[in-house]
Amino acid sequence: MIYLAGQPRRLLNAYVANYLKEEIAAEGLVRNLPVFSVFLNLASLSDTEPVNFSTIARDCDVSSQTIKEYFQILEDTLLGRWLPSFRKRPKRRVAASAKFYFSDVGVVNFLAKRGTVQQGSELFGKAFENWCFHELNAYNLYNEVFAELFYWRLAGGTEVDFIINDMEVAIEAKASKKKFSLNQLKGLRSLNLDHPQIKRRIIVCCEDKKRITDDGIEIIPAATFAAMLWNRDFFNGNEP
């Protein structure tokens, strides 16, 4: 496994090179392999973020349509997955762009040339959110729940990472080990103002103990969340 390897960067480099050679070049998926290689590096910077096709297209010197096709290739070759925005019954202006999540955080860090990710850093938070997204997706697919996953974001930047179905469950991934401030609960509280029908609001985090806020937000350690996810019908708002 790359995670346990003594020289992980060497293996990641070989993986990316093999992907470009066997999955992209050998299959004839793109006409310009060097441009696609540049695109891979730029796309990795968008991991867990809403994707701006125009910005990436300008940096690659190709059209926005070409960038959309490149992202489709990443999805078709299982290198990543989209997360659309939740836009049903908006009371305020919400984001329209979808987010993209690479399937492997190690590949993302290699492509983005990030080096070691330290707990407590912004990059660790992105990696933690990526993990949470793929746990939700894996549960959804393996158990054939067929739930719909979204994210919710206001034009001003207030955001909730994951929405399950039609506001049945809302989940925020927060990598902090410290007790949350009121500002860190802003997203879930703003969401409740716009969508009071929501059944559960959850923060998945690195705290040691599960607890609940005065207004009903569940604070759940990551390991506890994973156990709850795989042992309960999490996608219908059921209580643990």
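Please treat every number below as a calculation from the coordinates, not as lab data. Model, not experiment: these values are computed from the prediction. Every residue, glycine among them, receives a Cβ derived from its backbone with ideal geometry; neighbour counts consider all protein chains shown.
What size of dipole, in debye to the nearest 20, comes out for the chain about its Cα centre when the only charges are +1 on Lys and Arg C-beta atoms and -1 on Asp and Glu C-beta atoms? Please report the intermediate quantities before stating the final value.
Details: 31 positive and 29 negative charges, 165 e Å.
For the chain, the charge dipole is close to 800 debye.
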| remark: Any GluC sites (Glu not before Pro) in the range 1-103 that lie in a DSSP loop and have at most 15 other Cβ atoms within 10 Å would be GLU27
| Ranked list, fewest to most other Cβ atoms within 10 Å of each Cβ, for HIS195, HIS134 | HIS134, HIS195
| To the nearest 500 deg cm²/dmol, what mean residue ellipticity at 222 nm is calculated for the chain from DSSP H runs of n ≥ 4 alone, each contributing -39,500 (n - 2.57), summed and divided by the residues? | -11500 deg cm²/dmol
| said: Compute the angle between helix 64-76 and the longest alpha-carbon principal axis of the chain, please, reported from 0 to 90 degrees and rounded to the nearest 10. | reply: 80 degrees
| remark: Extend 7 Å from the Cα of TYR19 along its Cα-to-C-beta direction; within the range 96-130, residues with backbone N under 16 Å of that point are 100-115, 127, 130
| task | Assign unit charges at the C-beta atoms only (+1 for Lys and Arg, -1 for Asp and Glu), then state the dipole size of the range 25-113 relative to its Cα centre in Debye, rounded to the nearest 20. | result | 820 debye
| task | Give the calculated FRET efficiency between ASN143 and ASP166 to the nearest 0.05, with a Förster radius of 22 Å applied to their Cβ-Cβ distance. | result | 0.70
| Taking 0.36 nm per intervening residue step and subtracting the Cα-Cα distance, what contour gain separates ARG81 from THR158 on full extension? | 25.5 nm
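Percentage of Cα-Cα pair distances in the range 122-236 greater than 22 Å, rounded to whole percent?
Details: 1765 of 6555 pairs.
Pairs farther apart than 22 Å: 27 percent.
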| task | Let me know the charge dipole size of the range 143-186 about its Cα centre in debye, to the nearest 20, where only the beta-carbon of Lys, Arg (+1) and Asp, Glu (-1) is charged. | result | 560 debye
| remark: Out of PRO50, TYR139, VAL62 - ranked by how far each Cα lies towards the positive end of the dipole of the chain, with unit charges on the beta-carbon of charged residues - the top one is PRO50
| task | Would you list which lysines come within 20 Å of LYS179, measuring only between C-alpha atoms, while excluding same-chain residues fewer than 8 positions from it? | result | LYS126, LYS209, LYS210
| Loop sites in the range 138-174: chymotrypsin sites (Phe, Trp or Tyr not before Pro), DSSP, at most 14 other Cβ within 10 Å | PHE146
| Which listed pairs, of LYS68/LYS177; LYS21/LYS113; LYS174/LYS199; LYS68/LYS113, have C-alpha distances above 31 Å, in listed order | LYS68/LYS177
